[in-house]
1. What nm value, rounded to one decimal, do you get for the distance between B:Glu310 and A:Trp128 when each label is placed 7 Å out toward the C-beta?
2. Round to a whole number: what % of the accessible area of region B:88-129 belongs to carbon and sulfur, probe 1.4 Å?
3. Which whole number of Å³ per residue matches the convex hull of the alpha-carbon atoms in region B:264-325?
4. Using a Förster distance of 60 angstrom, determine the FRET efficiency expected from the C-beta separation of A:Val38 and B:Lys125, and round it to 0.05.
5. Could I get the Rg over Rh figure for region B:88-129? Both from C-alpha atoms, Rh via Kirkwood, rounded to two places.
6. Taking N as the number of residues in region B:223-326, what is its Cα Rg relative to 2.2 N^0.38 Å?
7. Can you pull the percent of region A:31-85's accessible area that's carbon plus sulfur, 1.4 Å probe, other chains left in place?
8. Just grab the label-to-label distance for B:Phe235 and B:Trp215, each label 7 Å out from Cα along the Cβ direction, in nm (one decimal).
Amino acid sequence: MAAAALCWALRAARQVLPSPCPRQVRSYYVDWRMLRDVKRRKMAYEHADERLRINAIRKNSILPRELQEVADKEIAALPRDSCPVRIRNRCVLTSRPRGVKRRWRLSRIVLRHFADHAQMPGVQRAMW
Amino acid sequence: KDKSAASKDSTPEGASKRREDGAETPKQQLLDIIGNMKVEVSYRKKLQQLKASESKKQALNKLEGADSEGSMFQAAAEDTQRGKPLNPELVKAASAVASSFPRNKKQTESELLAQLRRHEETTDKQKKGGTVNIRQVISEMTVKRQTPAQRSARISGRISLQLDEDGQRIRPERSSAQSVDSRRSLKVGKRLNIFTKASAEPEHALKTVSSPTIWDLEFAKEVAAVTAQPPRNGFEEMIQWTKEGILWEFPIDNEVGMEDGAEFHEHIFLEKHLEGFPKEGPIRHFMELVICGLSKNPYLTVKQKVEHIEWFQKYFDEKKELLQEI
């Protein structure tokens, strides 16, 4: 009964239990460019629906052209950071903008480092 | 015993007809009844028999050790239990069976009728999806005593890798012991309901507590940290991962997290949301295309689709003056 009450209390507070294996906790982003990228991603997520709908009106052969021009102006008026094209897939650990493998979100140098220390499960040096 | 098992699909009506042959001894009568029982064709009786067969098995297990005339009693019990709804027939059959016994006729008759009543209750409960009494389940479980040989075999088995792709036992010594165990555990006992969906525990008793204080939280964290032992084996590790959310719950539910209670027709037939639009013209054409696309989209919920359409409605309403110029 008391254990159930404690469990409920824990769940309500949503606190993480101190687990036996220590995990690295990062409280800062690696650099400002990474922070800006994060902001752009958030904005793109917020405005994604609107952009989709306005683009559906624009890329159309049915609706009158005047309507489409108005839609053009509207989408240009949205904040610049809300477009997904401005997002750059940076390395998650080093914020390197180039040489990033998409599957791991890591730059090639970091990926190589972890793979050589056997910390990437299932990744092996190629040999054939 | 085989004869009585084979003559399961039969009715007591044959029994009542044959009972009037008073010339033979009661025992001979009953044997005749069993031997001459007809195969019943109607489906209703078969259903009843199927339901009664479960109760029958329980009755058989109970009756097995009880009497010296074991086979006779079983046959008689089957005979009496088969026609569950036909009560006057049952009473007549019970009296006939009881009269065949050399001793305590009234007692056996009353026992038979009492058993019938009990079996009626159990089959009714099973029909309704009877409750699982944990006490009964636990009382059926017994503590197993291992011989030292078995214990050593088990320990050595634990050390060596037990996983075998074929699923067959590596050692023949283990197989005999474990087949006995599996025989006991597979065929005996009630459902434990392990693989049903975990229902949320009723927390009505705890809701009286207002928000827990920081000290309560700290105490709870301390207790959890002390009692959380590292997992002893792979099963406990998997349990811990399931609790943390790393591992999915088995059997895998494809709709975890997606609580869309809408039926398929709400996803596909979206034309009723098109009422705010003009009936003809390019806008209607455009919206019909939009709806066609939405109906094929399995990833959005109905609410999201409706919001999509409403956004367009609002947009075109705002642009109304512009549209009138055109």
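1. It is 5.4 nm.
2. On the way: 1340 of 2660 Å².
Using a 1.4 Å probe with all protein chains present, region B:88-129 comes out at 50 percent carbon and sulfur.
3. On the way: hull volume 4.5 nm³, N = 62.
So the per-residue hull volume is 72 Å³.
4. Values: r = 60 Å, r/R0 = 1.00.
Between A:Val38 and B:Lys125 the formula returns 0.50.
5. Numbers: Rg = 12.5 Å, Rh = 11.1 Å.
Rg/Rh: 1.13.
6. On the way: Rg = 24.1 Å, N = 104, 2.2 N^0.38 = 12.8 Å.
Rg over 2.2 N^0.38 Å, computed on Cα atoms: 1.87.
7. Values: 1960 of 3720 Å².
After summing per-atom areas, the C and S share lands at 53 percent.
8. Label at B:Phe235, label at B:Trp215, 4.1 nm between them.
The values are calculated or read from the model by the stated rules, or taken from the named source; none is laboratory data. Values in this document were obtained by computation on a predicted structure and should not be read as measured data. With ideal geometry, Cβ positions are generated from the backbone for all residues, glycine too; neighbour counts draw on all protein chains shown. Calculation scope for accessible area: heavy atoms of the full protein, side chains included, ligands and nucleic acids excluded. Shrake-Rupley method; radii C 1.70, N 1.55, O 1.52, S 1.80 Å.
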